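Below is one structure, written out as structure tokens; the observations come after it.
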Amino acid sequence: PYNKSVASTALTGYGITLDKAEEYLRSAGLHGATVKEMIAAVQPDAAVASTTATLDKSMNIIAMPGHRYVHANCFIDMDEAEDTLGQILRTHFVQFGGYSNNQLLFGAASQELSMFLNDNNCENVDAVYAIARFLFEKKAVTGVPYKFSMPHIFETEPDYPMTLRGLMIHLARNNGGILYVTDAKDYLQKTMLSYGSMNQLLQIGSSNTFLIYDSDSYLLSESIGIDEVWCMQMHDHLDDLFRNANVAYVIPRDINVAWLATLPPLPHGLDWTLLLLQEVLDKCPDIGFKSISSDLNQSHDTLAAAFVPADSPLQSFPDVVTLFMEERHKLPMRMPGEDLRLELRDAGMLENDEMIYALPKALNDYRFAWSNENKTVYIRGNK
């Protein structure tokens, strides 16, 4: 039967004492035991949380994969492993700027400590990582604890997140704030780190840390010095652009290099790109302008169709296309859908084959009636 008092004791009561835990684990050998196995064998009414805390504090107990604890004395030739693993990590720290990880460590340990790993049944990546964590973070045999954050190992706690994205921040900072895709991929390959796409890794859609500079590089937003004054300067430049052209929207590809050169300077003399301008408008709403795209999940380095003031009545791709057609044609009118796409492309709103099949979806709006299997469009206009 379920005993409420025993259950609450298991959560909040006393744990197994360190002496009893160590004695039991010494007898358990290299197989070790989980906390629940230990409690069942030693003290059935002991608390899980307190016992776990006791084990995690002990300088003689190693937390191994699978939530198992093993006494350090059960390992054969641990002193040899300590020296060799320490040398491996120091080599990696020199090679990779204070960094190593589970795969790098395991690869080197498999070569240099094969007998130790075999004798101690540790021939897998997680076991080697766990032993290194015990030696160099928990016991800190080097004097200064290394920082372990699975799968990463840092010589000292970094001033960036202990994640893949954090490593990319570090790489960019070391290169004056710019991250080239080729450099990033080269680093990830050398450090045996796997990742999805570069945009996913850098969280381009959801984070402001990195800004797309062009199709092959990214800029750390911290390197630009974005603040209230900077946003106001950007607003004033764009406001002048719209006033001088006397337009409701600006097509990015119509913006000339001379105007881009008037924008606040970038680090290391980098030139402004249209993609970077688009990025700062979308990620810094205080500037007061925004980009208008078709919202069809195009790649992040697709240039928008138009830039507009944030408070513009033009808030969607159909809004901009409708006004564009009203300025050039007497509406309503019927035309082949491909002719409309080519007209938008020739105006610079689209690039090459962009939306060659997707335009009806992008203009799924009451002002555009599609027929003839989406080959013909009737443009009503705003009236």
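The values are calculated or read from the model by the stated rules, or taken from the named source; none is laboratory data. Just so we're clear, the structure is a prediction, and the values are computed from it rather than from any experiment. Counting neighbours? That spans all protein chains shown, and the Cβs are built from the backbone with ideal geometry, glycine included. Accessible surface areas use protein heavy atoms only, side chains included; no ligands, DNA or RNA. Shrake-Rupley method; radii C 1.70, N 1.55, O 1.52, S 1.80 Å.
Can you tell me which residues in segment 149-162 are surrounded by 18 or more Cβ atoms within 10 Å (Cβ to Cβ) and more than 19 Å from the chain's Cα centre (by Cα)? The answer is GLU155, and nothing else. In segment 57-80, which residue that is under 11 Å from PHE134 (Cα atoms) and either in contact (Cβ under 8 Å) with a residue 60 or more places away in the chain or among the small types (Gly, Ala, Ser) (or both) is most open to solvent (accessible area, probe 1.4 Å)? Applying the filter and picking the extreme gives MET59. Candidates TYR14, TYR24: the one that is in a helix (DSSP H, G or I), open to solvent by 40 Å² or more (accessible area, probe 1.4 Å) and in contact (Cβ under 8 Å) with a residue 12 or more places away in the chain is TYR24. I'm checking my understanding of the structure. Among residues of segment 313-341 that are of a type in the set (Lys, Arg) and in a helix (DSSP H, G or I), which one is farthest from ARG380 (Cα to Cα)? Among them, the one singled out is ARG341. Against the conditions (1) at pLDDT below 95; (2) in a helix (DSSP H, G or I); (3) closer than 26 Å to SER197 by Cα; (4) not charged (D, E, K, R), HIS268 satisfies every one except (3). Do the conditions hold for LEU344, that is, is it among the hydrophobic types (A, V, I, L, M, F, W, C), part of a helix (DSSP H, G or I) and farther than 30 Å from ILE178 by Cα? When the stated conditions are applied, LEU344 passes them.
Selection of segment 190-207 for residues being free of Cβ contacts under 8 Å to residues at least 24 places away in the same chain and surrounded by 15 or more Cβ atoms within 10 Å (Cβ to Cβ) yields only MET198. Number of residues in segment 89-127 that are of a type in the set (Phe, Trp, Tyr), under 31 Å from the mean Cα position of the chain (by Cα) and under 28 Å from GLY29 (Cβ atoms): the value is 1. Consider segment 353-383 and keep the residues that are of a type in the set (A, V, I, L, M) and assigned to a loop (DSSP other than H, G, I, E, B). The one that is surrounded by the most Cβ atoms within 10 Å (Cβ to Cβ) is LEU363.
Scanning segment 107-127 for residues that are open to solvent by less than 20 Å² (accessible area, probe 1.4 Å), farther than 21 Å from SER149 by Cα and in a helix (DSSP H, G or I) yields PHE116, LEU117.
Checked against (1) under 22 Å from ASP271 (Cβ atoms); (2) crowded, with 16+ Cβ neighbours inside 10 Å; (3) in contact with a strand residue (DSSP E or B) (Cβ under 8 Å, 6 or more places away or on another chain), VAL181 passes all but a single condition, namely (2).
Would it be correct to say that GLY196 is small (Gly, Ala, Ser), closer than 30 Å to PRO267 by Cβ and at pLDDT below 95? Here the answer is yes, as GLY196 does meet what is asked. All told, TYR187 falls short of being among the aromatic types (Phe, Trp, Tyr), more than 28 Å from GLY29 (Cα to Cα) and either in contact with a His (Cβ under 8 Å, 6 or more places away or on another chain) or open to solvent by 70 Å² or more (accessible area, probe 1.4 Å) (or both). Residues of segment 32-53 include none that is at pLDDT 90 or above, within 30 Å of VAL141 (Cβ to Cβ), open to solvent by 60 Å² or more (accessible area, probe 1.4 Å) and polar (S, T, N, Q). If GLY225 meets every condition in (1) at pLDDT 95 or above; (2) at positive phi apart from one, which number is that one? For GLY225, the exception is condition (1). Sort out which residues of segment 96-106 are over 16 Å from MET150 (Cα atoms) and either at pLDDT 95 or above or open to solvent by less than 30 Å² (accessible area, probe 1.4 Å) (or both), and write them in order of number. PHE96 - this is the single residue of segment 96-106 that is over 16 Å from MET150 (Cα atoms) and either at pLDDT 95 or above or open to solvent by less than 30 Å² (accessible area, probe 1.4 Å) (or both).
A quick yes/no check of all residues on (1) over 24 Å from HIS300 (Cβ atoms); (2) crowded, with 16+ Cβ neighbours inside 10 Å:
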residue: THR209; (1), (2): no, yes
residue: SER215; (1), (2): no, no
residue: ASP227; (1), (2): yes, no
residue: TYR249; (1), (2): no, yes
residue: LEU270; (1), (2): no, yes
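Can you tell me how many residues in segment 315-328 are open to solvent by 20 Å² or more (accessible area, probe 1.4 Å) and in contact with a helix residue (DSSP H, G or I) (Cβ under 9 Å, 6 or more places away or on another chain)? Residues that pass the stated criteria total 1.
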